[in-house]
Amino acid sequence: MQFANRPLPGCSPAGLRVAPSEHRGTRMSWPAYVVRRTALAAVAAFLVVSLTFLVVAANLYDPSTPPLLDQYVTYVGDVLVFEWGYSESLGRPVGDVLLAAIPRTLAYVLPAIVFTYALAIAGGLTAAYATPGRDLSMRVFAYVLLGVPVMVLGSMVIFQLTDTFQWLSHPLWCTNTPGPGRPSCWPPFVRRGFPFLQPVAWGPDGQYGWPNTAPWRSLSLRYLLPAAVLSVGLATGLFRHVRNQALTYSYSMAAKMLRATGGGRLQEARHAVRNAALPLLEVSFAELVSVIALWAFVVEALFHIPGVAAYAQIAVRLRDLPLLVGTTVVLALVGVGLGLVQDLLYGYLDPET
């Protein structure tokens, strides 16, 4: 046949995988594509660091100090070696604080991403190939969960599991001595200028401040609980996209040919997932990362996790500029890194684009 010697989609005539090029009609090798996208991510990270320097310079500029260019070079060098200044509110170098906080935040963010896609794909495929009544029930249930704020969902989970797991604690932070009419309560992490890691006379044990950050200071399977809470709302948002992509594929000619050749529902679902992967990755991944960045503040406040978002709240409330700059840069760089992962996955899955 005249088509027998044509290469497979996404492969060169020699069978090697190729990656998308910026110019239509040309292709670049997969290693070249990885280098190119990594370089663009490095430029984005450099811009993030430069913008944070402008924030610092605008707040701390003094004509008697060295020229701004010298300060900028020194600042970039300090960022590269994780020397980000000293936090007066915590009494520790910002680099030491972030080195301990970053793994704690990633310990629930990364599993949450995995849980989100797993739940969304499983639920969307199940609804797409279910009976009309079951499909309707799953859609209604997903929309109800989508309308429940993560703060409410997390609080409900904590309330239900506090008696079972002693390392969980009430999300409201109040003093031992109630004020007139009701207890005196404050937002998480800070009370009257005191960050939550310092021993202050408040919380359930009085003399030791709020002790329930201790279970979260070492990485363990406990982090799967906040990851699950974070993923529920995200998964319900992606559920609709997976279901619609699966339904679109089920009416396509390829699906009809697959069923005509004896392919079962499981095989058809696998093909539907492949067809839905690129739209999901292109449309939902950036939205997913941005929502996680916002909800991380809520999750760490509810579960008392001393992560990057928690220290960002401390920095804002206590006007700790070095700590605020450090946490902001870390959150931005994590976003750049996840964006790079998205680009590489997209190029691998759809090298013809």
*How many residues does the stretch 134-153 hold that are of a type in the set (Lys, Arg) and over 16 Å from LEU119 (Cα atoms)?*
1
_Is it the case, given these coordinates, that LEU219 is at pLDDT 85 or above and open to solvent by 30 Å² or more (accessible area, probe 1.4 Å)?_
yes
*In the stretch 228-242, is there at least one residue being part of a helix (DSSP H, G or I), free of Cβ contacts under 8 Å to residues at least 24 places away in the same chain, in contact with a helix residue (DSSP H, G or I) (Cβ under 8 Å, 6 or more places away or on another chain) and among the basic types (Lys, Arg)?*
no
*asked:* Given the criteria more than 18 Å from LEU40 (Cα to Cα), at pLDDT below 85 and open to solvent by 30 Å² or more (accessible area, probe 1.4 Å), does VAL298 qualify?
replied: no
*Identity of the residue in the stretch 243-255, in contact (Cβ under 8 Å) with a residue 40 or more places away in the chain and either under 30 Å from LEU168 (Cβ atoms) or among the hydrophobic types (A, V, I, L, M, F, W, C) (or both), that ends up surrounded by the fewest Cβ atoms within 10 Å (Cβ to Cβ)*: LEU247
*For residues that are over 27 Å from the mean Cα position of the chain (by Cα) and among the hydrophobic types (A, V, I, L, M, F, W, C), scanning just the stretch 129-141, find the one that is surrounded by the fewest Cβ atoms within 10 Å (Cβ to Cβ).*
LEU136
*Mind telling me which of the residues LEU90, LEU51, LEU125, LEU106 ends up being closer than 15 Å to THR327 by Cα, open to solvent by less than 80 Å² (accessible area, probe 1.4 Å), in contact with a helix residue (DSSP H, G or I) (Cβ under 9 Å, 6 or more places away or on another chain) and part of a helix (DSSP H, G or I)?*
LEU106
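Looking only at the stretch 256-267, filter to residues that are assigned to a helix (DSSP H, G or I) and free of Cβ contacts under 8 Å to residues at least 24 places away in the same chain; which one of those is surrounded by the most Cβ atoms within 10 Å (Cβ to Cβ)?
LEU258
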*Some residue of the stretch 252-260 being under 30 Å from PRO149 (Cα atoms) and hydroxyl-bearing (Ser, Thr, Tyr)*: no
*Odd one out for GLY181 among (1) small (Gly, Ala, Ser); (2) at pLDDT 50 or above; (3) open to solvent by 70 Å² or more (accessible area, probe 1.4 Å)*: (2)
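The values are calculated or read from the model by the stated rules, or taken from the named source; none is laboratory data. Keep in mind it's a predicted model, so treat the numbers as computed, not measured. Virtual Cβ from ideal backbone geometry, glycine too; neighbours counted across all protein chains shown. The area values use the complete protein model at the heavy-atom level, side chains included, leaving out ligands, DNA and RNA. Shrake-Rupley method; radii C 1.70, N 1.55, O 1.52, S 1.80 Å.
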